[in-house]
């Protein structure tokens, strides 16, 4: 027997029809000949055959035909046209090799398979059976090919004689082993494949004959952990590998913490600079980097871009490299997505050390000169021109002028927007999907997101001890975050370039984007073009990218080459659009008096384009304003239509084409469904019935609604809105237009006591801007009922008894207009249970009658104690108003919560509340309670009891000087104290660098910080908490509190006039940054007295990002002393609210109040 080594396989199509894909006449000829060929020679294959077996080393190998699958061979040069003519019933494409004209399809059922074989589809040469190998349940197929081992090479003549008589053709012979030839069945053969192979095996001059199977083997990786790499299956890597596993000439630069150059699964795929002589101390290629044989370390600035093998974080770059290009089928560990491509290590991080913007920019330029794709699995930090200029260079001048696509992780900040540099237009921002193909809750998202990729988990680890070291020393199953999804996209781009290395950077990106899947169709809030804030343009698909044609690369908003085919837009951010040789047009519905604000951005290094605005008569009504900053040029139009009508934004070569650009349409929010309703004469009619919520309304000026009330019928109403962005009011007017109810004093929602109509007729509801920006979103909750509010002791609403966790009433989204918190038997609370759908935020609004005071709290469903002994996820405890509101963000899975409505003051209380599921919701940011340890034991930051919103996606760490758990505040003085604290006298707690390297985005939006601390006496300032370099709450040497920003240079706002500090005593300190009012407030309390101070913000701003610290500043310096609790809110709490939180006055009239507090 002769072992097969390799064989030569010429293009099979040329053996039958030598067609030229570049000549239309030949294509037409091919179609005609193919049609005749299909009619007269298309083979009809039986779906069952007792002869489906062959011999292997003397043993019989049985196969089963799969009745729902067929292999198909078509003319390669016209395969795209042929596929459109195939019969219906194709359910799945198992294999696609368009260059060879070969496909494998799975059909809906056996009848569809039979119909396909009987069809005479133009361009189809043959159908072939697909077999199931029962030993491992794999699918295999052969396009009529048989491998044959001759007893001697000179016996080929005898085989050719046999072939001529049996419709068989010799099409190849192994150059390494002349005993082995490849034959192919021709149409008209009387035997099916396996019987023919058996017949050949029986010939005296044939040692063996077997079907030349495809498939099957691609599912059997030689990498022990390949089966665990479910990420590869989700991006359909096996069909992609049928096209290419990558080209060794294509390199991906990994800008990270270095790569383990000697890792056995990576070593052979590290790019080598052949122009350098190793270790001769000479810059042989004169590029400025001496002996850069395998990349460069831009931190140490030497030629050793390897990780420090002593720390886990330094395994990051090795893990990224393994996802991209770990060697495949080498009986080691894992398989990379582009396992035949090369890796160029560029080290820009060393643990917590960063190379700095200047050297990182050098690294980007270096990578652009020597690699084809750039991967940056990091994010965060302030914008930097030196970085963006380097990105511009990579995108336009890299890869010898073709440009390098550069992929950045979107960041791991949860609800944060996409981080820098990923939000820069000429990068590709990559987010993370979880195992359910939903956006991972830690993944940053928003309009700048380009695409998502699955979290990888399984990849390479640094060799030997150190690194992740799980499940073994050299591999890990725990590498997640957007750091792990970004290299998935980079590797797929490398596959695209392996197929067509002539693509420009923009064309590579377009090919990747055109290959995306939308895994959440019907669930994600996608716009018309499949783009959503959570998924970008979609989720990466390697097979579709590798298989797609490069002949015509349209962007995602094509076709829009004329006014007739103009793409309709209203608002949005669309990166990576492409102006080819024709104009691009966008259709805009203009509204009289509402500005049309559109712009495009492009790189002037690539050329110049421009925009104009035309009306429906094709007349130019506005030209662009051109501004250039660095290499980026923006052409913008701001035009206010004099009347309603259709307008067209025209993107035109000026004079260049083939230019990528970004389109932004930031027009005012569109009218809601009830506009125009700006006055009584245009009031929109509503019919709420007993209960209805009107969501997604927009208040531009005044909104009027008309509701018919019968005589003595009650109208229940509640208004909810984003309290950090707007302040709206609501009124009820009788049929004569006279106001009968009004509310505009609360900043967190509005409610009106139920109104009973005095006469039947149309009544009016007016919603207006009380003290905030126009164009604000809100929801209106209305209900009609002849039953009066539940007033009076002993009157139960329909949801009673629901006074405990065990008896909590299940509810859903909607308005609950007439409920009651009874005072019978000492009742002080109502509980409800709600399930929030995946990817939906929750907003609750509560209103009530009279002078009572209710609180609204939200707990996780894991709470089973009565009363709850865990801090709420969100709470609203405002005073001197009759409304409460909370909101929490969306997460990726359906989640259960307890809604707790609690009375502080009063007796029997009628109330109403609205429940909304929203695509966006603003949470409070976080709360931290250090009560999970044991006094006298060392502090463990992983054991704190906390609830972290999306700003705090990673567990905290502590500096080495952080001390022990100690006794906390006196619970007699501070009733809400936990009695356990952490000693931060010589250290503190912080959120470490991880992927996005930043944990809190600072801005001018309003926020509140509240903390319970015991400051130590000190000869220097001490830090309660803050973002060093941006803002901090500190104690001063003069024993006062101060709020310090980076612009204060350490001086602070209050300069000794802040609230007092009593060293070595427990006290509350709170800070409110109220940008909207231009004021900053500081408060302190010793548990009995309340001191508040105010200062003007003036022109000072908070802008940027940084690492959030508790108890100290950077490196554990200026430790505060003891700290027990920290709460962070996303809104400015009023003094009365903070006083209530801080003093916890026992103002309830209920004798059993202590049971619930």
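For the stretch 1027-1048, a residue qualifies if it is in a strand (DSSP E or B) and either touching a residue at least 24 places away in the same chain (Cβ under 8 Å) or out of contact with any strand residue (DSSP E or B) (no Cβ under 8 Å at 6 or more places or on another chain) (or both), and the qualifying residues are 1027, 1031, 1032, 1033, 1034, 1035, 1041, 1042, 1043, 1045. Just so you know, in the stretch 370-384 the residues that are in contact with a helix residue (DSSP H, G or I) (Cβ under 9 Å, 6 or more places away or on another chain) and either free of Cβ contacts under 8 Å to residues at least 40 places away in the same chain or not in a loop (DSSP other than H, G, I, E, B) (or both) include one that is farthest from residue 337 (Cα to Cα), and it is 384. Going through (1) touching a strand residue (DSSP E or B) at 6+ places or on another chain (Cβ under 6 Å); (2) buried (at least 21 other Cβ atoms within 10 Å of the Cβ) one by one, residue 261 falls short only on (2). From the list 490, 463, 498, pick out the single residue that is in a helix (DSSP H, G or I) and surrounded by fewer than 24 Cβ atoms within 10 Å (Cβ to Cβ). Residue meeting the stated conditions: 498. Looking only at the stretch 131-165, residues that are outside any loop (DSSP other than H, G, I, E, B) and modelled with pLDDT under 80 come to 6 in all.
Per the listing 825, 818, the residue uniquely at pLDDT below 80 and either surrounded by fewer than 21 Cβ atoms within 10 Å (Cβ to Cβ) or assigned to a strand (DSSP E or B) (or both) is 825. Restricted to strands (runs of 3 or more DSSP E) entirely inside the stretch 573-662, those with at least 2 residues that are out of contact with any strand residue (DSSP E or B) (no Cβ under 7 Å at 6 or more places or on another chain) are 625-629. Among the residues making up the stretch 309-331, a single one is assigned to a loop (DSSP other than H, G, I, E, B) and touching a strand residue (DSSP E or B) at 6+ places or on another chain (Cβ under 6 Å): 326.
For the structure I just gave you, tell me whether residue 499 is in the same structural domain as residue 448 (by TED's automatic domain parsing), under 26 Å from residue 664 (Cβ atoms) and modelled with pLDDT of 90 or more. Taking the combined requirement at face value, the residue does not satisfy it. Of all the criteria given as (1) more than 32 Å from the chain's Cα centre (by Cα); (2) at pLDDT below 90; (3) buried (at least 21 other Cβ atoms within 10 Å of the Cβ), the one not satisfied by residue 613 is (2). Each residue in the stretch 503-536 was checked for being modelled with pLDDT of 75 or more, part of a loop (DSSP other than H, G, I, E, B) and crowded, with 23+ Cβ neighbours inside 10 Å, and 4 pass. Any chance you could count how many residues in the stretch 674-716 are modelled with pLDDT under 90 and closer than 20 Å to residue 761 by Cα? Count: 10. Please work out which residue is modelled with the lowest pLDDT, limiting yourself to the stretch 52-80 and to residues that are in contact with a strand residue (DSSP E or B) (Cβ under 9 Å, 6 or more places away or on another chain) and outside any strand (DSSP E or B). For the stretch 52-80, the residue satisfying everything is 57.
There is at least one residue in the stretch 380-400 that is farther than 28 Å from residue 275 by Cα, crowded, with 24+ Cβ neighbours inside 10 Å and modelled with pLDDT under 85.
Filtering the stretch 1006-1019 for residues that are farther than 15 Å from residue 1122 by Cα, surrounded by fewer than 19 Cβ atoms within 10 Å (Cβ to Cβ), touching a helix residue (DSSP H, G or I) at 6+ places or on another chain (Cβ under 7 Å) and at pLDDT below 90 leaves an empty set. Scanning the stretch 278-293 for residues that are in contact (Cβ under 8 Å) with a residue 12 or more places away in the chain and surrounded by 12 or more Cβ atoms within 10 Å (Cβ to Cβ) turns up 285, 287, 289, 290, 291, 292, 293.
Condition first: surrounded by 19 or more Cβ atoms within 10 Å (Cβ to Cβ) and over 19 Å from residue 294 (Cβ atoms). Can you find one or more residues in the stretch 361-371 that meet it? For the stretch 361-371, residues surrounded by 19 or more Cβ atoms within 10 Å (Cβ to Cβ) and over 19 Å from residue 294 (Cβ atoms): present. One residue alone among 432, 447 is assigned to a loop (DSSP other than H, G, I, E, B) and either closer than 22 Å to residue 332 by Cα or under 19 Å from the mean Cα position of the chain (by Cα) (or both), and that residue is 447. Residue check: residue 111 meets all listed conditions (1) more than 30 Å from residue 202 (Cα to Cα); (2) over 40 Å from the mean Cα position of the chain (by Cα); (3) surrounded by 19 or more Cβ atoms within 10 Å (Cβ to Cβ); (4) at pLDDT 80 or above but one, namely (3).
The values are calculated or read from the model by the stated rules, or taken from the named source; none is laboratory data. Values in this document were obtained by computation on a predicted structure and should not be read as measured data. Note that we place each Cβ from the backbone using ideal geometry, even for glycine, and neighbour counts take in every protein chain shown.
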